[in-house]
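Below is one structure, written out as structure tokens, with a few remarks after it.
The values are calculated or read from the model by the stated rules, or taken from the named source; none is laboratory data. Since we're looking at a predicted model, the values are computed, not measured. Here the Cβ positions follow ideal geometry from the backbone for every residue, glycine too, while neighbour counts run over all protein chains shown. All accessible areas refer to the heavy atoms of the entire protein, side chains included, with ligands and DNA or RNA removed. Shrake-Rupley method; radii C 1.70, N 1.55, O 1.52, S 1.80 Å.
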Amino acid sequence: MVNIALFGTSADPPTSAHQAILNWLSYHYDHVAVWASDNPFKTHQTPLEHRSTMLRLLIEDISPPRRNISLYQALSSPRTLETVEKARQHWGTQVDFTLVIGADLVSQMPRWYQIEKLLHQLKLLVVPRPGYEIDEGGIEELRKLGAEVAIADLQAPAVSSTAYREKGDPEVLTPPVEDYIHKEQLYACQDAAPSR
């Protein structure tokens, strides 16, 4: 049975923390499927196509290269259940899917579209995020809804897309993503030339 990690992210922009998560996943799963998504619970500053391009650049910049991480933008949907249906069409039924979410989404998940149906189709991996406690009550609620939940043994860098948008700190970005942001003039905090 092939184990595939499904990692959709609204990353606006994707950071070195996202890259660290992808790298970790690549060592723990046969394949890592990545896409940029619109989270219906968030507002997004940057169009999806730019976030998708930045994710591709982030993946290409992983060193040494990890051949089992790929961008599958066609999986993107505001409803994760639809994403899983697309993934099943792509990979078939002889696959174990694990949905990867940040710890900040645990309390939001019970409100997701047809959550019980979703949780019966895959496993759930919660990635700790600096500044967010693991919500044990929320995880227990997900288990009651049918989730098989694991918590990643991973400490990603303490950086966030929000902090970048608000403060413009280029240290949270990988050089290719930073270059792309400047080239496309994506964020208001980008008045200066690239620092690298």
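For (1) of a type in the set (Val, Ile, Thr); (2) open to solvent by 40 Å² or more (accessible area, probe 1.4 Å), each residue gets a yes or a no:
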| residue | (1), (2) |
| --- | --- |
| Leu124 | no, no |
| Asp135 | no, yes |
| Ala150 | no, yes |
| Glu166 | no, yes |
| Val172 | yes, no |
| Ile181 | yes, no |
(message) With the requirement that a residue be closer than 20 Å to Gly137 by Cα and among the basic types (Lys, Arg), what does segment 67-118 give you?
(response) Arg111
(message) For the list (1) loosely packed, with under 14 Cβ neighbours inside 10 Å; (2) of a type outside the set (D, E, K, R); (3) under 19 Å from Glu49 (Cβ atoms), I need the number of the one condition that Ala158 fails.
(response) (3)
(request) Kindly list the number of the only condition in (1) touching a Pro at 6+ places or on another chain (Cβ under 8 Å); (2) free of Cβ contacts under 8 Å to residues at least 60 places away in the same chain; (3) of a type in the set (Gly, Ala, Ser) that fails for Ala147. (result) (1)
(request) Of the numbered conditions (1) closer than 18 Å to Ala11 by Cα; (2) touching a His at 6+ places or on another chain (Cβ under 8 Å), Tyr164 fails exactly one; give the number of that condition. (result) (2)
(request) Six or more apart or on different chains, Cβ under 6 Å: which pairs go from a residue in segment 28-50 that's at pLDDT 95 or above to one that's in a strand (DSSP E or B) and open to solvent by 20 Å² or more (accessible area, probe 1.4 Å)? Could you list them? (result) Tyr29/Asn3; Asp30/Val2; Asp30/Asn3; Val34/Leu71; Trp35/Gly8
(message) I'd like to know if segment 46-53 contains one or more residues that are of a type in the set (Lys, Arg) and within 13 Å of the chain's Cα centre (by Cα).
(response) yes
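Residues checked against (1) acidic (Asp, Glu); (2) modelled with pLDDT of 95 or more:
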| residue | (1), (2) |
| --- | --- |
| Ser52 | no, yes |
| Arg66 | no, no |
| Ser77 | no, no |
| Glu85 | yes, yes |
| Gln89 | no, yes |
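Do we have Ser70 as modelled with pLDDT of 95 or more and within 22 Å of Leu154 (Cβ to Cβ) here?
The answer is yes for Ser70.
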(message) Condition first: polar (S, T, N, Q) and open to solvent by 70 Å² or more (accessible area, probe 1.4 Å). Now tell me which residues in segment 76-106 satisfy that.
(response) Gln89, Thr93, Gln94
(message) I need the strands (runs of 3 or more DSSP E) fully contained in segment 83-196, keeping only those with at least 1 residues that are in contact with a Phe, Trp or Tyr (Cβ under 8 Å, 6 or more places away or on another chain) and closer than 25 Å to Leu71 by Cα.
(response) 95-102, 123-127
(request) Enumerate the pairs (first residue in segment 108-123 and at negative phi; second residue anywhere and in a helix (DSSP H, G or I) and polar (S, T, N, Q)) with beta-carbon separation below 6 Å, excluding pairs fewer than 6 apart on the same chain, so at least 6 apart or on different chains. (result) Leu118/Thr80
